[in-house]
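Everything on this sheet refers to the single structure shown next.
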Amino acid sequence: MTGMGEGDETIRISAAGLLVTYWCNARCAHCYELSGPRRQGWMSADAALRHFQAMVRLGMEPAGVHLGGGEPFGDFGRLVEIVRAARQAGLAGVGYVETNGYWATDEAVVRERLGALREAGMRQLSLSADVYHQTFVDPQCVVRLWRVATEVLGTEGVRARRWRFLKSPQDLREASEAQRQAAYREALAQHAERMTGRAATELAPLVARQPAEAVRGQTCVEGLRDSAHVHIDPAGYVFPGTCAGLILGRTDRGRPLDAVLAASRGPMWRILVSEGPWGLRSLAARKGYKDDPGGYADKCHLCMSARRFLLEAGAYADELGPPELYREE
């Protein structure tokens, strides 16, 4: 793990993910990046190479490097080039690549693609399997991908978001809205989701909520200063691993990831580290923000609400964005 910066602004990095794209065939209710079929933007292999080179300088290990989206398999040729770029940069491969498996309709294609990625340097495949994804993706595609991947990559070469769901797949593609919400409520009772992005509007109404003051004193030290994890999107924006839309910096104009992490943080980051979302809510209130009378599902829900208000008010443009992570297209 490598530390960058000084004092309370130190960000220790042991994991980094490249958000290859915001495009996705699905529009999942829990997606904190608001990915979907209408989203655009793809990372180039050259940009990925520069990010990987910075990770080498930061002393990262391949196990901490992953590729996600959106859905990176939406442009398979590009994905293979990006995986190869990791070795070109001096990494011994990529830890894992995420997919919802929508493309796994043919076993021969699955074998061919997994073999190509393994040869390029992918160590593990990560399957996104749960009720949210299976509202859009045929669960049999995911089960097929899981079965073939264990043969091609070995049992240690496959991971899943919800193993239980793979063993008892539930197809919600033709379900009614009431049936989907019932499935979502059951899933949320078993596994809490971060109420940011799309979850703030589609899942938060399905769980118990509390007044904003209930999160007073809950800081974001663990999620920000000590997160050990960042994501980089196609435009070069760098986010904490759990906080898409909260900008740590941007790797454009020749400024690499390690330089972004070494820079001082902005006022919003400092408020969240010292006071948490309650402090951010207080900041927004001075600009006219009003609490949601229905309350908030968790501190992340409050944070997302306050951040969206500040973004729409044109405040803290260096720390909030891009706008597509705060509103649907």
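This model, with +1 at the C-beta of Lys and Arg and -1 at the C-beta of Asp and Glu, gives segment 1-151 a dipole about its Cα centre of some 220 debye. In the chain, taking the dipole from charged Cβ atoms about the Cα centre, the farthest positive-side position among TRP146, PRO37, ALA262 is held by ALA262. Within segment 204-240, whose backbone N sits under 16 Å from a point 7 Å along Cα→Cβ of ALA192? Flagged as within label range: 204-224. Seen from CYS243, the other residues with C-beta closer than 10 Å to its C-beta sum to a net charge of +2, counting Lys and Arg as +1 and Asp and Glu as -1. The GNM of the chain, with springs linking C-alpha atoms under 10 angstrom apart, assigns the highest mean-square fluctuation among SER44, SER168, SER14 to SER168.
Extension gain for SER274 to GLU61 (0.36 nm times residue separation, less C-alpha to C-alpha distance): 73.6 nm.
In terms of other Cβ atoms within 10 Å, HIS301, HIS66 run from fewest to most in the order HIS66, HIS301.
Fewest-first ordering of THR251, THR242 by other beta carbons within 10 Å of each residue's beta carbon gives THR242, THR251. For q values of 0.12 Å⁻¹, compute log₁₀ I(q)/I(0) with the Debye formula on a Cα-only model of the chain, without solvent. Reported log10 I(q)/I(0), two decimals: -0.85.
Oblate is the label for segment 262-329. Its Cα gyration tensor axes, ordered a ≥ b ≥ c, give a/c of at least 1.5 and b/c at or above a/b.
Rounded to two decimals, what is the ratio between the C-alpha radius of gyration of segment 16-191 and 2.2 N^0.38 Å?
Working: Rg = 16.2 Å, N = 176, 2.2 N^0.38 = 15.7 Å.
Cα Rg divided by the expected 2.2 N^0.38 Å: 1.03.
Label-to-label distance, ARG173 versus SER44, with points set 7 angstrom from Cα along the beta-carbon direction: 3.6 nm. Reducing segment 27-45 and segment 90-150 to their Cα centroids gives an inter-centroid distance of 18 Å. Among LEU248, LEU49, LEU145, LEU311, a tally of other beta-carbon atoms within 10 Å of each Cβ gives an order, fewest to most, of LEU49, LEU311, LEU248, LEU145.
Run the helix sum for the chain: -39,500 (n - 2.57) per DSSP H stretch of 4+ residues, divided by residue count, reported at 222 nm to the nearest 500 deg cm²/dmol. Write down the numbers at each step before the final one.
Numbers: 11 runs with 116 residues, N = 329.
Using -39500 (n - 2.57) per qualifying helix, the result is -10500 deg cm²/dmol.
Read-outs throughout are calculated quantities, based only on the coordinates presented, and are distinct from any laboratory measurement. Note that this is a predicted model, so its numbers are computed, not measured. Note: ideal-geometry Cβ built from the backbone for every residue, glycine included; neighbour counts use all protein chains shown.
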